[in-house]
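All remarks here apply to the structure that follows.
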Amino acid sequence: MTRNSEGFTIVEVLVAVLVLTVGITSLIGTAGLVTRMVGQGKRTTQAVQRGERRLETLRQTALSTTPQCTALTGGTTTSGAITETWTVTTPASPARTRVLKVIVSYPRARGVVVDTIVTSIRCA
């Protein structure tokens, strides 16, 4: 009796299908994780960009007044899910500077994230 050794056995085909199923399931799980991470990165970027724009607005306001830095005030604003709070303080030394602090808070999957941006400007 001769045996035909061409082709695959049913066991080999089932093992190959099982391995392929595990691989595809892993890829789907990873794709979901990557999508969430990209979304979180986008929200973080938007929040930090808003904080930077606020600093630039405060800097322009400070330099456009005579004498400089007299129109700077603190405040809070909320747009969408992003809240900006900014403060302007005058340090004891040097007296011709102002410290600008912008706090940006925004929601993420595990709670609210708070980022702080601080800079100082020189007033003439």
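Every number here is computed from the coordinates shown, using simple stated rules; none is lab data. Note that the structure is predicted; figures quoted are calculated from it, not measured. Glycine gets a Cβ as well: all are built from the backbone with ideal geometry, and neighbour counts include every protein chain shown.
Below, the figures for the structure above:
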| quantity | calculated |
| --- | --- |
| GNM top mover of Val48, Val102, Val19 - the chain, alpha-carbon springs below 10 Å | Val19 |
| Cut-off 15 Å between beta-carbons: net charge of the residues surrounding Arg98, Lys and Arg +1, Asp and Glu -1 | +4 |
| Equivalent ellipsoid semi-axes - Cα gyration tensor, the range 1-64, angstrom | 62, 9, 4 |
| Table column - 3J(HN,Hα) (Hz), the range 64-72, Karplus curve with 6.51, -1.76, 1.60, x for Gly and Pro | 8, 9, 10, x, 4, 6, 7, 9, 7 |
| Sequence-separation-based contact order of the chain, relative, with Cα cut under 8 Å and 6+ spacing, percent | 19 percent |
| Backbone HN-Hα couplings from phi across the range 77-83 [Karplus 6.51/-1.76/1.60, Hz, Gly and Pro as x] | 8, 10, 9, x, 9, 9, 10 |
| Hull-based mean projected area of the chain, where the convex hull spans the alpha carbons, in square nanometres | 13.3 nm² |
| Ellipticity estimate at 222 nm from DSSP helix runs (n ≥ 4, -39,500 (n - 2.57)) divided over the chain, nearest 500 | -16500 deg cm²/dmol |
| Cys123 long-range amide H proximity, modeled H, under 5 Å | Thr97, Arg98 |
| From phi via Karplus (6.51, -1.76, 1.60), per-residue ³J(HN,Hα) for the range 11-26 in Hz, x at Gly/Pro | 5, 4, 5, 5, 5, 4, 5, 4, 4, 5, 5, 4, x, 5, 4, 5 |
